[in-house]
Amino acid sequence: MHSSRTGRVALAALLLAPALLFADYTYEETTQITGGSMLQMIKMAAALNSQARKAGDPVVSTVYIKGNRMAKVSPDAIEIIDLDKETMTNIDTVKHTYTVMTFEQIREQAEKAMQEAQKHSAQQPASAPQQNPNDVKMSFDVKVRNTGAEKQVSGLSSHEAILTMLMTATDQKTQQSGAMAITNDMWLVPEIPGYDQVKEFYRKFGEEMGKMAPDMGIDMSRMLAQNPGATQALSDMGKQIETIKGVPIMQIMRMGSTTDGKPLPAASEAPLPPDNSPAMPSGSDVAKQGMASALNSKLGKFGFGGFGKKKNDDQQAATPTQAAPQPTSAVLMETQITVSNFSSDTVDASHFDVPGGYKQLQPQMR
């Protein structure tokens, strides 16, 4: 009788195994900052910081999934997420160091940041004018458009869907408004064999991170009472995202602001404004002229004031008689993410180990 019962349990475990165990999966992700004012600012810093020179270069990472572990291996860093141990490990392959943070530490860090923000707000001078939340009306708008456009991406036939998000604030006294905007131009394929592994991992990870909210002391009811449109926006967002069919293999995301209530145009709809920022001085320029002189020669004619030098009469006379029309939108950053080289081959467990000889550092808790 005992052996029979054991056999039935073993058979049940065998039948359930496909539903409980997940196959290994690998893919490549290429990320690149392709434009926006932030990239221009980074380029300006490139003469002073060698790392900044790489800001606009594509970064190719390999993502490995094995059960409840994910490793994202980039040229200079490795990030390992372990859902079973509830840890996140960050490895610096240049300095040969690594840190390990538990999900609980991440929650504590977020809670501390929230408390510091509240403390800073309480320390503001009483004479400082306080913004009445009733004077500002918030509105939210999320839409997905399936354009019908098609193109080849990573050797696959894809179709386009554009996600736009707008969070608009309007001052009820002055009627002035401005909006934070995100536009994500997505190219999708109907299905990629095995990619459900990726979606399932991020679903589980999202559930773990979702545990942060109750521990952070955020009064969501008060926030939603001040911005009643947020509740409907969350519902609308869910409905809109459900209309996205397929797996995004290329995404071009723009983040920025608008003043006319319209979303940022997608990458396929309008190019970014031309980059009129000056070329930065080369190493030989700096060696010959010195840093201040080299930067002055490059930046002075673009309205930076020549590092304190007085403009000559010719420059002052060149002031245009008619002001150019103000743009209605500004792109802070444009980023492109492409995924490719999908594989369901067995993943070596060594990808989730810290390399030998690396020194563990304590994470910097903000």
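The values are calculated or read from the model by the stated rules, or taken from the named source; none is laboratory data. Note that this is a predicted model, so its numbers are computed, not measured. Virtual Cβ from ideal backbone geometry, glycine too; neighbours counted across all protein chains shown. Surface accessibility is based on the protein's heavy atoms, side chains included, excluding ligands, DNA and RNA. Shrake-Rupley method; radii C 1.70, N 1.55, O 1.52, S 1.80 Å.
See the values below:
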read-out: Burial order of peptide ranges 104-110, 330-336, 340-346 (average beta-carbon count within 10 Å, highest first); value: 330-336, 104-110, 340-346
read-out: Per-residue ³J(HN,Hα) for region 332-340, Karplus 6.51 cos²θ - 1.76 cosθ + 1.60, θ = phi - 60°, Hz, x for Gly and Pro; value: 6, 7, 10, 10, 10, 10, 10, 10, 7
read-out: Accessible-area ranking of 165, 70, largest first, probe 1.4 Å; value: 165, 70
